[in-house]
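As structure tokens, the structure follows; a few thoughts come after it.
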Amino acid sequence: MIPVLLITGFLGSGKTSLLNGLLQARPHTGPFREAEGKLALVVNEFGDVGIDGDLLPDAMTRQIELKGGCICCRLDEDLQKTLLELVSSQPDLSAIIIETTGIAEPLPISWTLAGEALQEHMRLAAVITVVDALEHETHRPLSPALDAQVEYADLLVLSKRDLVDEAQAERVCQQVRLLNPSAPILAGSTAENISSLWQALDDPQESLQSATSEAQQIERPRPEHHFHSVSLPIENTLDFEVLTEELESLGASYLRIKGIARVVDASTGSQEPRMIAFHRVGARVSAEPCRPELQTRLVAIGSAVDRGELAACLEASVLD
């Protein structure tokens, strides 16, 4: 399934700047990698004339602006049609990025992506919300969309950090945390935030298959971002419904959990075991089929990841 990255944030928060930075620093592996003809960008503009699209790179698979209104306020027909056309016209498409208008709420867009017409083709990888450290407090009374963007985010990125002092940055983070207690908050430099985001969106099917040595199964520090990684083998068949609940219960210190496992997922109506690649970005868990020969294992990345806590999640998910 094609991963979809949804970038949202209030008017002027810095979404397009973040998106430009992400595109310029695309990784060499994974579904968002630098590869011609693989990445599609959908830009939503509010109003009759699109501006943000003119600020983005030209060398994209296909760039589409849905002008004249917010995509989540138009019964989602344009968004659904656009995405289905992309899938049918680009058979080698590996990833989609949607940048919403500043007054869009992410939840209706998520419902559209989970709808029957799209769910067989793509999965929502993450909702990334850009929070304006300079103007967040001033903008909050202007629209309920701002709080909704924060509340339904999987990852929160604090923008314009260099324009505020420590006290204001901390105050904004506290306000955000009241609305969303589970999403990691990236509050570093722009370069650090972009690196962390790509790290969180890495593809387990590619990044895990070569990691086989015992030395790679121990905790490894990532001092440049104050992150650590922990890797565990998965030796049993798991109940994916239970695994999802266990992973979702972990706190905001887990930036990314990825893995490959043999599972039974009763929600599909089948009791047959199958191989999947699973992802937790922020608090969102999703999965997709993967090749049966890949090594089963779990890797977690975050500011305070705990081996025992992760092992308990796996143990609780083992099928009897």
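Residues in the stretch 106-124 that are within 16 Å of the chain's Cα centre (by Cα) and of a type outside the set (A, V, I, L, M): PRO106, SER110, TRP111, ARG123. For the stretch 274-309, name all the residues that are farther than 20 Å from ALA126 by Cβ and surrounded by 14 or more Cβ atoms within 10 Å (Cβ to Cβ). Passing the criteria: ARG274, MET275, LEU294, THR296, ARG297, ASP306, ARG307, GLU309.
Right, THR129: buried (at least 23 other Cβ atoms within 10 Å of the Cβ) and at pLDDT 95 or above or not?
Values: buried (at least 23 other Cβ atoms within 10 Å of the Cβ): yes; at pLDDT 95 or above: yes.
Yes; evaluated as a whole, the condition is true for this residue.
Each residue in the stretch 81-135 was checked for being in contact with a strand residue (DSSP E or B) (Cβ under 8 Å, 6 or more places away or on another chain), assigned to a loop (DSSP other than H, G, I, E, B) and over 21 Å from ILE185 (Cα atoms), and 5 of them qualify. Residues that are part of a loop (DSSP other than H, G, I, E, B), farther than 22 Å from LEU178 by Cβ and not acidic (Asp, Glu) do not occur anywhere in the stretch 136-153. Here SER196 fulfils each of the conditions (1) in a helix (DSSP H, G or I); (2) closer than 20 Å to THR100 by Cα; (3) of a type outside the set (Asp, Glu) apart from (2). From the list PRO108, PRO91, the lone residue that is over 18 Å from SER13 (Cβ atoms) and touching a Cys at 6+ places or on another chain (Cβ under 8 Å) is PRO108. Scanning the stretch 255-276 for residues that are modelled with pLDDT of 90 or more and not in a loop (DSSP other than H, G, I, E, B) yields a count of 10. When the criteria are applied in full, GLY30 fails the requirement of being at pLDDT 60 or above, within 30 Å of ASP165 (Cβ to Cβ), assigned by TED's automatic domain parsing to the domain that holds VAL164 and part of a loop (DSSP other than H, G, I, E, B). Filter the stretch 267-311 down to the residues that are small (Gly, Ala, Ser) and without any contact (Cβ under 8 Å) to a residue 40 or more places away in the chain, then identify the one that is farthest from TYR152 (Cα to Cα). Only one residue tops the list, namely SER270.
Can you find a residue that is polar (S, T, N, Q), touching a strand residue (DSSP E or B) at 6+ places or on another chain (Cβ under 9 Å), within 22 Å of VAL127 (Cα to Cα) and not assigned by TED's automatic domain parsing to the domain that holds ALA153 anywhere in the stretch 257-272?
Applying the first criterion (polar (S, T, N, Q)) to the stretch 257-272 yields 267-268, 270-271.
Applying the additional criterion that residues be touching a strand residue (DSSP E or B) at 6+ places or on another chain (Cβ under 9 Å) yields 268, 270-271.
With the extra rule that they be within 22 Å of VAL127 (Cα to Cα), the set shrinks to none.
Within the stretch 257-272 (the criterion being polar (S, T, N, Q), touching a strand residue (DSSP E or B) at 6+ places or on another chain (Cβ under 9 Å), within 22 Å of VAL127 (Cα to Cα) and not assigned by TED's automatic domain parsing to the domain that holds ALA153), the answer is no, since none of the residues qualifies.
Just one of the listed residues (LEU186, LEU163) is in the same structural domain as ALA40 (by TED's automatic domain parsing) and within 18 Å of the chain's Cα centre (by Cα), namely LEU186. Scanning the stretch 288-320 for residues that are among the charged types (D, E, K, R), under 13 Å from GLU235 (Cα atoms) and within 23 Å of the chain's Cα centre (by Cα) gives a single hit, ARG297.
The values are calculated or read from the model by the stated rules, or taken from the named source; none is laboratory data. Given the structure is predicted, the values throughout are model-derived calculations rather than measurements. Positions of Cβ are generated from backbone atoms using ideal geometry, with glycine treated the same way; all protein chains shown enter the neighbour counts.
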